[in-house]
Amino acid sequence: MRLILLGPPGAGKGTQAASVIERFTIPHLSTGDMLRDHVKRGTVLGVEAKSFMDSGKLVPDGLIIAMMEDRLRQEDCGRGFLLDGFPRTLPQAEALDALLSRLGVSLDAVVLLDVTDGVVVERLCGRRVCKDCGAIYHVSFHPSRVSGICDLCGGELVQRDDDREDVIRKRLGVYHEQTSPLVAYYEKQDILRRVNAEGAPDAVCRNLEKQGGAA
Ligand code: AP5
Ligand code: ZN
(Lines give C-alpha, C1' and ligand atoms only; values in the text may rest on other atoms or scores of the structure.)
(Ligands and ions follow the chains in the order given, each with its own letter.)
Protein backbone atom coordinates (compact mmCIF):
# COMPACT_ATOMS: atom_id res chain seq x y z
CA MET A 1 0.00 0.00 0.00
CA ARG A 2 1.47 3.38 -1.06
CA LEU A 3 -0.40 6.31 0.40
CA ILE A 4 -0.13 10.06 0.88
CA LEU A 5 -1.89 11.91 3.71
CA LEU A 6 -2.50 15.43 2.50
CA GLY A 7 -3.99 18.34 4.42
CA PRO A 8 -3.25 21.59 6.22
CA PRO A 9 -1.08 21.78 9.33
CA GLY A 10 -3.10 20.43 12.25
CA ALA A 11 -5.52 18.47 10.06
CA GLY A 12 -4.59 15.38 12.07
CA LYS A 13 -2.17 13.72 9.64
CA GLY A 14 0.17 12.49 12.38
CA THR A 15 -2.75 11.38 14.57
CA GLN A 16 -4.44 9.35 11.79
CA ALA A 17 -1.12 8.03 10.47
CA ALA A 18 -0.63 6.05 13.68
CA SER A 19 -3.67 3.83 12.98
CA VAL A 20 -3.16 3.59 9.22
CA ILE A 21 0.43 2.30 9.51
CA GLU A 22 -0.66 -0.25 12.10
CA ARG A 23 -3.46 -1.47 9.87
CA PHE A 24 -1.30 -1.90 6.77
CA THR A 25 2.06 -2.59 8.50
CA ILE A 26 3.86 0.04 6.47
CA PRO A 27 6.47 2.63 7.53
CA HIS A 28 5.33 6.17 8.44
CA LEU A 29 7.42 8.69 6.53
CA SER A 30 6.80 12.11 8.08
CA THR A 31 9.05 14.80 6.64
CA GLY A 32 8.32 17.02 9.67
CA ASP A 33 9.48 14.27 12.08
CA MET A 34 12.53 13.53 9.95
CA LEU A 35 13.51 17.21 9.85
CA ARG A 36 12.96 17.66 13.60
CA ASP A 37 15.24 14.66 14.15
CA HIS A 38 17.95 16.34 12.01
CA VAL A 39 17.53 19.55 14.03
CA LYS A 40 17.85 17.61 17.30
CA ARG A 41 21.01 15.85 16.09
CA GLY A 42 22.48 19.12 14.75
CA THR A 43 23.19 17.72 11.26
CA VAL A 44 24.02 20.04 8.32
CA LEU A 45 20.46 19.56 7.02
CA GLY A 46 19.02 20.25 10.49
CA VAL A 47 20.97 23.49 10.87
CA GLU A 48 19.83 24.63 7.43
CA ALA A 49 16.18 23.60 7.95
CA LYS A 50 15.64 25.04 11.44
CA SER A 51 15.15 28.70 10.54
CA PHE A 52 12.64 27.83 7.80
CA MET A 53 10.68 25.59 10.16
CA ASP A 54 10.64 28.03 13.08
CA SER A 55 9.27 30.79 10.87
CA GLY A 56 6.61 28.56 9.28
CA LYS A 57 8.19 28.54 5.80
CA LEU A 58 8.85 25.48 3.68
CA VAL A 59 12.33 24.01 3.62
CA PRO A 60 13.72 24.33 0.04
CA ASP A 61 12.55 21.63 -2.40
CA GLY A 62 16.07 20.41 -3.26
CA LEU A 63 16.84 19.46 0.35
CA ILE A 64 13.51 17.72 0.89
CA ILE A 65 13.56 15.81 -2.39
CA ALA A 66 17.11 14.50 -1.72
CA MET A 67 16.14 13.44 1.82
CA MET A 68 13.01 11.62 0.60
CA GLU A 69 14.72 9.94 -2.36
CA ASP A 70 17.20 8.41 0.08
CA ARG A 71 14.43 7.29 2.41
CA LEU A 72 12.15 5.84 -0.27
CA ARG A 73 14.99 3.72 -1.64
CA GLN A 74 15.42 1.97 1.72
CA GLU A 75 14.41 -1.64 1.93
CA ASP A 76 11.45 -1.25 4.32
CA CYS A 77 9.65 0.91 1.73
CA GLY A 78 9.50 -2.08 -0.60
CA ARG A 79 6.28 -3.22 1.12
CA GLY A 80 4.71 0.25 0.83
CA PHE A 81 4.68 3.47 2.85
CA LEU A 82 2.57 6.27 4.23
CA LEU A 83 3.80 9.74 3.30
CA ASP A 84 2.85 12.49 5.78
CA GLY A 85 3.86 16.06 4.95
CA PHE A 86 5.37 15.16 1.57
CA PRO A 87 4.92 16.23 -1.17
CA ARG A 88 4.06 19.82 -0.29
CA THR A 89 4.77 21.63 -3.56
CA LEU A 90 4.25 20.82 -7.25
CA PRO A 91 8.00 20.28 -7.86
CA GLN A 92 8.05 17.81 -4.93
CA ALA A 93 5.01 15.96 -6.37
CA GLU A 94 6.64 15.77 -9.81
CA ALA A 95 9.92 14.54 -8.30
CA LEU A 96 8.00 11.85 -6.37
CA ASP A 97 6.20 10.69 -9.53
CA ALA A 98 9.51 10.50 -11.39
CA LEU A 99 11.16 8.51 -8.58
CA LEU A 100 8.24 6.07 -8.24
CA SER A 101 8.22 5.49 -11.96
CA ARG A 102 12.00 4.76 -11.85
CA LEU A 103 11.29 2.30 -9.04
CA GLY A 104 8.48 0.74 -11.12
CA VAL A 105 5.71 1.40 -8.55
CA SER A 106 2.75 3.78 -8.23
CA LEU A 107 0.59 5.44 -5.56
CA ASP A 108 -2.63 3.72 -4.45
CA ALA A 109 -4.34 6.81 -3.02
CA VAL A 110 -3.91 10.37 -1.83
CA VAL A 111 -6.16 11.09 1.16
CA LEU A 112 -7.07 14.72 1.76
CA LEU A 113 -8.00 15.50 5.38
CA ASP A 114 -10.46 18.37 5.01
CA VAL A 115 -10.67 20.91 7.88
CA THR A 116 -11.30 24.63 8.16
CA ASP A 117 -8.65 27.14 9.24
CA GLY A 118 -10.44 27.85 12.55
CA VAL A 119 -10.25 24.19 13.58
CA VAL A 120 -6.57 24.07 12.64
CA VAL A 121 -5.69 27.02 14.88
CA GLU A 122 -7.59 25.51 17.84
CA ARG A 123 -5.90 22.13 17.37
CA LEU A 124 -2.37 23.46 16.98
CA CYS A 125 -2.52 25.99 19.84
CA GLY A 126 -3.36 23.12 22.24
CA ARG A 127 -1.05 20.45 20.80
CA ARG A 128 1.62 18.89 23.02
CA VAL A 129 4.10 16.25 21.86
CA CYS A 130 6.25 13.77 23.76
CA LYS A 131 9.89 14.81 23.71
CA ASP A 132 11.00 11.17 23.79
CA CYS A 133 8.61 9.09 21.65
CA GLY A 134 6.83 11.77 19.58
CA ALA A 135 3.29 10.77 20.70
CA ILE A 136 0.74 13.52 19.97
CA TYR A 137 -1.64 14.99 22.58
CA HIS A 138 -4.00 17.95 22.91
CA VAL A 139 -4.66 19.81 26.17
CA SER A 140 -8.46 19.56 25.69
CA PHE A 141 -9.19 17.04 22.90
CA HIS A 142 -6.66 14.36 23.85
CA PRO A 143 -5.07 15.08 27.23
CA SER A 144 -2.54 12.73 28.83
CA ARG A 145 -3.58 10.96 32.06
CA VAL A 146 -1.03 12.94 34.11
CA SER A 147 -0.63 16.54 32.95
CA GLY A 148 2.66 17.11 31.08
CA ILE A 149 3.67 13.42 31.08
CA CYS A 150 3.42 10.96 28.15
CA ASP A 151 1.05 8.02 28.79
CA LEU A 152 3.17 5.74 26.64
CA CYS A 153 6.73 6.32 27.84
CA GLY A 154 6.64 8.76 30.76
CA GLY A 155 8.48 11.41 28.69
CA GLU A 156 7.93 15.15 29.06
CA LEU A 157 5.22 16.75 26.90
CA VAL A 158 6.29 19.96 25.17
CA GLN A 159 4.90 22.52 22.71
CA ARG A 160 6.50 22.56 19.26
CA ASP A 161 8.50 25.72 18.41
CA ASP A 162 6.24 26.34 15.39
CA ASP A 163 2.95 25.99 17.32
CA ARG A 164 2.75 29.69 18.23
CA GLU A 165 -0.35 31.41 16.83
CA ASP A 166 1.59 33.81 14.54
CA VAL A 167 3.61 30.92 13.06
CA ILE A 168 0.47 28.75 12.73
CA ARG A 169 -1.19 31.48 10.62
CA LYS A 170 1.94 31.73 8.46
CA ARG A 171 1.98 27.92 7.95
CA LEU A 172 -1.69 28.03 6.94
CA GLY A 173 -0.96 30.73 4.37
CA VAL A 174 1.91 28.66 2.97
CA TYR A 175 -0.42 25.63 2.77
CA HIS A 176 -3.09 27.51 0.80
CA GLU A 177 -0.54 29.04 -1.55
CA GLN A 178 1.95 26.24 -2.17
CA THR A 179 0.40 22.91 -1.13
CA SER A 180 -3.31 23.17 -1.99
CA PRO A 181 -2.57 23.05 -5.79
CA LEU A 182 -1.70 19.38 -5.18
CA VAL A 183 -5.41 18.65 -4.71
CA ALA A 184 -6.06 19.36 -8.40
CA TYR A 185 -2.81 17.60 -9.36
CA TYR A 186 -3.95 14.32 -7.75
CA GLU A 187 -7.59 14.78 -8.79
CA LYS A 188 -6.34 14.76 -12.37
CA GLN A 189 -4.60 11.44 -11.69
CA ASP A 190 -7.92 10.19 -10.25
CA ILE A 191 -6.39 9.03 -6.96
CA LEU A 192 -7.60 11.80 -4.61
CA ARG A 193 -10.01 10.86 -1.79
CA ARG A 194 -11.54 13.54 0.44
CA VAL A 195 -12.18 12.78 4.09
CA ASN A 196 -14.06 15.05 6.48
CA ALA A 197 -11.53 15.56 9.30
CA GLU A 198 -13.56 17.89 11.55
CA GLY A 199 -14.95 15.30 13.97
CA ALA A 200 -13.25 13.53 16.86
CA PRO A 201 -10.21 11.36 15.98
CA ASP A 202 -12.23 8.10 16.03
CA ALA A 203 -14.90 9.57 13.76
CA VAL A 204 -12.23 10.78 11.32
CA CYS A 205 -10.68 7.31 11.40
CA ARG A 206 -14.06 5.80 10.49
CA ASN A 207 -14.49 8.35 7.66
CA LEU A 208 -11.08 7.29 6.40
CA GLU A 209 -12.03 3.63 6.45
CA LYS A 210 -15.34 4.40 4.68
CA GLN A 211 -13.38 6.04 1.91
CA GLY A 212 -11.61 2.78 1.44
CA GLY A 213 -9.05 4.00 3.83
CA ALA A 214 -7.07 4.35 2.18
CA ALA A 215 -7.41 1.06 0.49
P1 AP5 B 1 5.07 19.05 9.75
O2 AP5 B 1 5.60 18.46 10.99
O3 AP5 B 1 4.74 18.19 8.60
O4 AP5 B 1 3.83 19.94 10.18
P5 AP5 B 1 2.41 20.18 9.51
O6 AP5 B 1 2.09 19.70 8.17
O7 AP5 B 1 2.27 21.62 9.73
O8 AP5 B 1 1.50 19.24 10.27
P9 AP5 B 1 1.38 19.10 11.76
O10 AP5 B 1 2.35 18.09 12.28
O11 AP5 B 1 1.42 20.46 12.40
O12 AP5 B 1 -0.13 18.61 11.93
P13 AP5 B 1 -0.83 17.22 11.68
O14 AP5 B 1 -1.73 17.31 10.50
O15 AP5 B 1 0.13 16.05 11.70
O16 AP5 B 1 -1.75 17.20 12.97
P17 AP5 B 1 -1.63 16.35 14.33
O18 AP5 B 1 -2.04 14.93 14.09
O19 AP5 B 1 -0.34 16.60 15.03
O20 AP5 B 1 6.06 20.19 9.19
C21 AP5 B 1 6.70 21.11 10.02
C22 AP5 B 1 7.62 22.00 9.20
O23 AP5 B 1 8.65 21.21 8.56
C24 AP5 B 1 6.96 22.75 8.03
O25 AP5 B 1 6.36 23.97 8.46
C26 AP5 B 1 8.16 22.98 7.10
O27 AP5 B 1 8.99 24.04 7.55
C28 AP5 B 1 8.95 21.69 7.25
N29 AP5 B 1 8.54 20.67 6.25
C30 AP5 B 1 7.95 19.47 6.51
N31 AP5 B 1 7.72 18.81 5.36
C32 AP5 B 1 8.15 19.61 4.36
C33 AP5 B 1 8.16 19.49 2.95
N34 AP5 B 1 7.67 18.39 2.33
N35 AP5 B 1 8.66 20.51 2.21
C36 AP5 B 1 9.19 21.60 2.81
N37 AP5 B 1 9.19 21.79 4.14
C38 AP5 B 1 8.69 20.80 4.90
O39 AP5 B 1 -2.83 17.04 15.14
C40 AP5 B 1 -2.74 18.39 15.58
C41 AP5 B 1 -3.39 18.54 16.98
O42 AP5 B 1 -4.79 18.30 16.89
C43 AP5 B 1 -2.88 17.53 18.04
O44 AP5 B 1 -2.86 18.18 19.28
C45 AP5 B 1 -3.94 16.42 18.04
O46 AP5 B 1 -4.03 15.77 19.31
C47 AP5 B 1 -5.19 17.20 17.69
N48 AP5 B 1 -6.13 16.44 16.87
C49 AP5 B 1 -5.84 15.64 15.79
N50 AP5 B 1 -6.95 15.15 15.26
C51 AP5 B 1 -7.99 15.66 15.99
C52 AP5 B 1 -9.41 15.54 15.94
N53 AP5 B 1 -9.98 14.77 14.99
N54 AP5 B 1 -10.16 16.23 16.84
C55 AP5 B 1 -9.58 17.01 17.79
N56 AP5 B 1 -8.24 17.16 17.91
C57 AP5 B 1 -7.46 16.49 17.01
ZN1 ZN C 1 6.27 9.32 24.95
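The values are calculated or read from the model by the stated rules, or taken from the named source; none is laboratory data. Because the structure is a prediction, the values reported are computed rather than measured. Neighbour counts run over all protein chains shown; Cβ positions are idealised from the backbone, glycine included.
Go through (1) part of a helix (DSSP H, G or I); (2) surrounded by fewer than 12 Cβ atoms within 10 Å (Cβ to Cβ); (3) modelled with pLDDT of 95 or more; (4) not hydroxyl-bearing (S, T, Y) for E187 and report which single condition fails.
(2) is the only condition that E187 fails.
Which of the residues belonging to the stretch 130-153 are more than 14 Å from the chain's Cα centre (by Cα), hydrophobic (A, V, I, L, M, F, W, C) and crowded, with 17+ Cβ neighbours inside 10 Å?
In the first step, residues of the stretch 130-153 are kept if they are more than 14 Å from the chain's Cα centre (by Cα); the result is 130-133, 137-153.
Imposing the further condition that a residue be hydrophobic (A, V, I, L, M, F, W, C) reduces the set to 130, 133, 139, 141, 146, 149-150, 152-153.
If the condition is that a residue be more than 14 Å from the chain's Cα centre (by Cα), hydrophobic (A, V, I, L, M, F, W, C) and crowded, with 17+ Cβ neighbours inside 10 Å, then C130, C150 are the ones that fit.
Given the condition closer than 25 Å to M53 by Cβ, of a type in the set (K, R) and either surrounded by 15 or more Cβ atoms within 10 Å (Cβ to Cβ) or away from ligand 2 (no atom under 16 Å from the Cβ) (or both), answer yes or no: does some residue in the stretch 154-161 qualify?
Residues of the stretch 154-161 closer than 25 Å to M53 by Cβ: 155-161.
Add one more test, that the residue is of a type in the set (K, R), and what stays is 160.
If we keep only those that are either surrounded by 15 or more Cβ atoms within 10 Å (Cβ to Cβ) or away from ligand 2 (no atom under 16 Å from the Cβ) (or both) as well, we get 160.
Yes; the residues of the stretch 154-161 include at least one that is closer than 25 Å to M53 by Cβ, of a type in the set (K, R) and either surrounded by 15 or more Cβ atoms within 10 Å (Cβ to Cβ) or away from ligand 2 (no atom under 16 Å from the Cβ) (or both).
With S147, S106 as the choices, which residue is within 16 Å of ligand 2 (Cβ to nearest atom) and of a type in the set (G, A, S)?
Numbers: S106 fails: within 16 Å of ligand 2 (Cβ to nearest atom).
Result: S147 is the single residue among S147, S106 that is within 16 Å of ligand 2 (Cβ to nearest atom) and of a type in the set (G, A, S).
Is it true that some residue in the stretch 204-214 is at pLDDT below 95, within 14 Å of ligand 1 (Cβ to nearest atom) and part of a loop (DSSP other than H, G, I, E, B)?
no
Residue check: is V195 in a strand (DSSP E or B), in contact with a helix residue (DSSP H, G or I) (Cβ under 7 Å, 6 or more places away or on another chain) and touching a residue at least 12 places away in the same chain (Cβ under 8 Å)? Reasoning before the result, please.
On the way: in a strand (DSSP E or B): yes; in contact with a helix residue (DSSP H, G or I) (Cβ under 7 Å, 6 or more places away or on another chain): yes; touching a residue at least 12 places away in the same chain (Cβ under 8 Å): yes.
Criteria met by V195.
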